[in-house]
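Have a look at the structure below before the remarks.
The values are calculated or read from the model by the stated rules, or taken from the named source; none is laboratory data. None of these values were measured; they are calculated from a predicted model. FYI the Cβ positions are ideal-geometry reconstructions off the backbone, even for glycines, and counts take in every protein chain you see.
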Ligand SMILES: C[S@@+](CC[C@H](N)C(=O)[O-])C[C@H]1O[C@@H](n2cnc3c(N)ncnc32)[C@H](O)[C@@H]1O
């Protein structure tokens, strides 16, 4: 192989491979890696390095990314035609998504990659890093860590004494464990990942001082009950970070939020309020256009208990 190709960062090699396999993505991904700051680039290289060390190849990662893109495209057609998501219950999606290890691995690797390549995901990660308390102590809980990137970030940057994560998917739990063991070694006693539905998970009695729940609310039948449990298990001054997707069809999105106001109503009904909020329209559109045309919007919020 040509040595200049060998020297190219993994992230650029991956983007080249994606663009070659899926030319429609080339426009969307143009310059994406150059828009990351040095720290983000280093984190992306670290994540890809971890995957390659495990024997995951760049062509396979390309396939993982394309799986997400193709799934979203298919569900978007359905959404435009039917004005609703295809599925509305956990039972309809669990076997083919959360409990299918092969699919879940492609999905979570793909999502891990989009968190560095898609502008809205990058912006939400910056918002997370900006607000994540680095000096507070206590107990940290993450719901639905998926690929494990947020959990790993929290463990490496924060001073909480105990870190727990709950994920309904055995594959997500395994991926999170592997990522943490590799990127934050020597901390085995500090963290734990369990396989469970957060709504019914047995949690220790003591409250959590930080709770992170990225891209989970749209995956559950009763986000109202989810948010109430978030409130119940956290301390009065807890850091509560939630992201969700609005008008965003995906194979396992079963609860349709149509705008940010609907999210805020759920939050208020659960006895919380948005202290900080980031609302990101679809690339090239305004929030108003997204509302009129039912286009995807990403939302991240730091919540406070009332
Ligand atoms: C879309 S991924 C989000 C991954 C990551 N948190 C992020 O922000 O990119 C959703 C994750 O939530 C998990 N999940 C879905 N429903 C859940 C539930 N009821 N309880 C716990 N985890 C759940 C899924 O298995 C998956 O790992």
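Taking the criterion of being buried (at least 19 other Cβ atoms within 10 Å of the Cβ) and either under 25 Å from residue 131 (Cα atoms) or at pLDDT 95 or above (or both), would at least one residue in segment 279-287 satisfy it? Spell out how you get there, then give the answer.
Looking only at segment 279-287, we keep the residues that are buried (at least 19 other Cβ atoms within 10 Å of the Cβ), and these are 280.
Next cut, either under 25 Å from residue 131 (Cα atoms) or at pLDDT 95 or above (or both) only: 280.
There is at least one residue in segment 279-287 that is buried (at least 19 other Cβ atoms within 10 Å of the Cβ) and either under 25 Å from residue 131 (Cα atoms) or at pLDDT 95 or above (or both).
Please work out if residue 142 is touching a residue at least 12 places away in the same chain (Cβ under 8 Å), buried (at least 24 other Cβ atoms within 10 Å of the Cβ) and either at negative phi or more than 9 Å from the ligand (Cβ to nearest atom) (or both). Even if it seems obvious, please write down each step before you answer.
Numbers: touching a residue at least 12 places away in the same chain (Cβ under 8 Å): yes; buried (at least 24 other Cβ atoms within 10 Å of the Cβ): yes; either at negative phi or more than 9 Å from the ligand (Cβ to nearest atom) (or both): yes.
For residue 142, the condition - touching a residue at least 12 places away in the same chain (Cβ under 8 Å), buried (at least 24 other Cβ atoms within 10 Å of the Cβ) and either at negative phi or more than 9 Å from the ligand (Cβ to nearest atom) (or both) - is met.
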For residues that are more than 7 Å from the ligand (Cβ to nearest atom), surrounded by 22 or more Cβ atoms within 10 Å (Cβ to Cβ) and assigned to a loop (DSSP other than H, G, I, E, B), tally how many sit in segment 145-159. 1
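Counting only residues that are more than 9 Å from the ligand (Cβ to nearest atom) and closer than 20 Å to residue 220 by Cα, which one in segment 95-104 is surrounded by the most Cβ atoms within 10 Å (Cβ to Cβ)?
Initial filter on segment 95-104 (more than 9 Å from the ligand (Cβ to nearest atom)): 95-96, 99-103.
Cutting the leftovers down to closer than 20 Å to residue 220 by Cα gives us 95-96, 99-101, 103.
On the way: 95: 10, 96: 13, 99: 14, 100: 16, 101: 13, 103: 19.
The residue in question is 103.
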When every residue in segment 7-28 that is free of Cβ contacts under 8 Å to residues at least 12 places away in the same chain and outside any helix (DSSP H, G or I) is compared, the one farthest from residue 49 (Cα to Cα) is 23
Total residues in segment 176-188, condition out of contact with any strand residue (DSSP E or B) (no Cβ under 9 Å at 6 or more places or on another chain) and part of a helix (DSSP H, G or I): 6
Out of the residues in segment 276-297 that are assigned to a loop (DSSP other than H, G, I, E, B) and over 13 Å from residue 121 (Cα atoms), state the one that is nearest to the chain's Cα centre (by Cα). 295
Could you list, in sequence order, all residues of segment 193-243 that are assigned to a loop (DSSP other than H, G, I, E, B), in contact (Cβ under 8 Å) with a residue 40 or more places away in the chain and either more than 16 Å from the ligand (Cβ to nearest atom) or over 19 Å from residue 89 (Cβ atoms) (or both)? 203, 206, 207, 233
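Please verify whether residue 190 is in contact (Cβ under 8 Å) with a residue 12 or more places away in the chain, near the ligand (Cβ under 9 Å from one of its atoms) and either touching a helix residue (DSSP H, G or I) at 6+ places or on another chain (Cβ under 8 Å) or closer than 26 Å to residue 100 by Cα (or both), treating the condition exactly as stated. Don't jump to the end; show me each part of the working.
Working: in contact (Cβ under 8 Å) with a residue 12 or more places away in the chain: yes; near the ligand (Cβ under 9 Å from one of its atoms): no; either touching a helix residue (DSSP H, G or I) at 6+ places or on another chain (Cβ under 8 Å) or closer than 26 Å to residue 100 by Cα (or both): yes.
No, not satisfied.
Residue by residue, here is whether (1) within 12 Å of the ligand (Cβ to nearest atom); (2) exposed (fewer than 12 other Cβ atoms within 10 Å of the Cβ); (3) over 23 Å from residue 284 (Cβ atoms); (4) under 19 Å from the mean Cα position of the chain (by Cα) holds:
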| residue | (1), (2), (3), (4) |
| --- | --- |
| 24 | no, yes, no, no |
| 44 | no, no, yes, yes |
| 54 | no, yes, yes, no |
| 90 | yes, no, yes, yes |
| 117 | no, no, no, yes |
| 128 | yes, no, yes, yes |
Check segment 253-266 and report whether any residue there is within 10 Å of the ligand (Cβ to nearest atom), touching a residue at least 12 places away in the same chain (Cβ under 8 Å) and buried (at least 18 other Cβ atoms within 10 Å of the Cβ). yes
Test each condition in (1) more than 15 Å from the ligand (Cβ to nearest atom); (2) closer than 30 Å to residue 96 by Cβ; (3) touching a residue at least 40 places away in the same chain (Cβ under 8 Å) for residue 300 and report the one that comes out false. (1)
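Just to be sure before I move on: is residue 218 closer than 30 Å to residue 27 by Cβ and either surrounded by 18 or more Cβ atoms within 10 Å (Cβ to Cβ) or touching a helix residue (DSSP H, G or I) at 6+ places or on another chain (Cβ under 7 Å) (or both) in the structure I sent? Spell out the reasoning first.
On the way: closer than 30 Å to residue 27 by Cβ: yes; either surrounded by 18 or more Cβ atoms within 10 Å (Cβ to Cβ) or touching a helix residue (DSSP H, G or I) at 6+ places or on another chain (Cβ under 7 Å) (or both): yes.
Yes.
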Tell me which of these residue 49 doesn't satisfy, since it passes every other one: (1) farther than 22 Å from residue 184 by Cα; (2) modelled with pLDDT of 95 or more. (1)
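Of all residues in segment 135-164, which are more than 30 Å from residue 31 (Cβ to Cβ) and out of contact with any strand residue (DSSP E or B) (no Cβ under 8 Å at 6 or more places or on another chain)?
Within segment 135-164, 135, 159 meet the criteria.
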For segment 162-172, give me each residue that is near the ligand (Cβ under 8 Å from one of its atoms) and free of Cβ contacts under 8 Å to residues at least 40 places away in the same chain. 166, 167
